[in-house]
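Reading through the structure tokens given below for one structure.
Computed from the coordinates by the stated procedures, all read-outs in this text should not be read as laboratory data. Keep in mind it's a predicted model, so treat the numbers as computed, not measured. Here the Cβ is made from the backbone with ideal geometry for all residues, glycine too, and neighbour counts use every protein chain on show.
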Amino acid sequence: MAAHIPLPEMDSLDPEIRRLVESFPMNVTRMMANAPASVKGFIELAHSVLFKSAFDPRKREIAVLRVAHLTRARYEWTHHVKVAKHCKVTEEEIRIISTEDPVTSLDDEGNLLCRAADEISREVRLSDEALSRILDAYGARQATELILCVSYFNFLSRFLESTRVELEDWHRA
């Protein structure tokens, strides 16, 4: 059997941690419960990126899928393909995001979103030219939210892949 970190048993968790994990019932949250001091902050950050940001969800999902593709994060990719489709990202756009390097066949905005994901994922720092374009397109708040989103999903993909989080049984069915 390949090395992996096991998910904690729910009945072994401190009641407060268990309540937090049950509020976001996914294997990624259960895995985070192995580091109980981080669960609340992890859920709050995920919630802020996914539900409280002013950045458009469709645009967010294009960037998230690009990060998941670049980092080869199967769990992240599988979950966010479904989210992206719900946010009206097309099958063709999903195919392009996962096959082109660099992405050039989306519209100008989609190409820019993928470029931001590429530069942050591969180089850590956005180029001055990409940052200027993002600021021009979105202003300071949404540019910051885009950069935070891409950075968060880079963190998440590395956590998921390094701990070997598997898809939930309900997701495989």
* Asked: Under 5 Å between amide H atoms, partner at least 5 residues away or on a different chain: which partners does residue 89 have, H built in plane at 1.01 Å?
  -> none
* Relative contact order [Cα under 8 Å, 6+ residues apart], the stretch 54-163, whole percent -> 37
* Each residue of the stretch 105-111 in turn: what ³J(HN,Hα) in whole Hz from Karplus with 6.51, -1.76, 1.60 and θ = phi - 60°, glycine and Pro shown as x? -> 9, 7, 5, 4, 5, x, 4
* Farthest toward positive dipole pole in the chain [+1 Lys/Arg, -1 Asp/Glu at C-beta], among 6, 139, 110 -> 6
* So what are the ³J(HN,Hα) numbers for the stretch 15-20, from phi and the Karplus equation (6.51, -1.76, 1.60; θ = phi - 60°), rounded to whole Hz, Gly and Pro as x? -> x, 5, 5, 4, 4, 5
* To do: Whole Å is fine, so just give me how far the alpha carbon centre of the stretch 137-173 lies from that of the stretch 1-77.
  => 8
* Charge dipole magnitude, Cβ of K and R +1, D and E -1 - the chain, Cα centre, debye nearest 20 -> 260
* Principal-axis tilt of helix 57-70 within the chain, Cα atoms, nearest 10 degrees -> 80
* Taking springs between alpha-carbon atoms closer than 10 angstrom, which of 33, 137, 117 fluctuates most in the Gaussian network model of the chain? -> 137
* **Residue among 31, 20, 68 farthest towards the positive dipole end of the stretch 14-70, charges placed on Cβ** => 68
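Using a Förster distance of 45 Å, how high is the FRET efficiency between residue 99 and residue 38, based on the Cβ-Cβ distance and rounded to 0.05?
Computed FRET efficiency for residue 99 and residue 38 comes out at 0.85.
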* Rg [Å, one decimal], Dmax [Å, integer] - the stretch 1-87, C-alpha atoms -> 14.5, 44
* To do: Starting from 0 in steps of 10 Å, tell me what percent of the Cα-Cα pairs of the stretch 10-51 lands in each bin.
  => 32, 59, 9
* To do: Counting only C-alpha contacts under 8 Å and six or more residues apart, can you give the relative contact order of the stretch 10-51 as a whole percent?
  => 34
* Asked: Applying the Karplus parametrisation 6.51 cos²θ - 1.76 cosθ + 1.60 with θ = phi - 60° to the phi angles of the stretch 127-133, what ³J(HN,Hα) value in whole Hz is obtained for each residue in order, glycine and proline being reported as x?
  -> 5, 4, 5, 5, 4, 4, 5
* Structure fact -> So the angle from the long Cα axis of helix 74-86 to the longest Cα principal axis of the chain, reported in degrees to the nearest 10, equals 60
* In whole Å, largest first, what are the principal axis extents of the Cα atoms in the chain? => 49, 32, 29
* Asked: Longest span of the chain, sites excluded, free of GluC sites (Glu not before Pro) in DSSP loop with at most 16 other C-beta atoms within 10 Å?
  -> 10-99
* Structure fact -> In this structure, the FRET efficiency calculated for residue 88 and residue 16 from their beta-carbon separation, with R0 = 45 Å, to the nearest 0.05, is 0.75
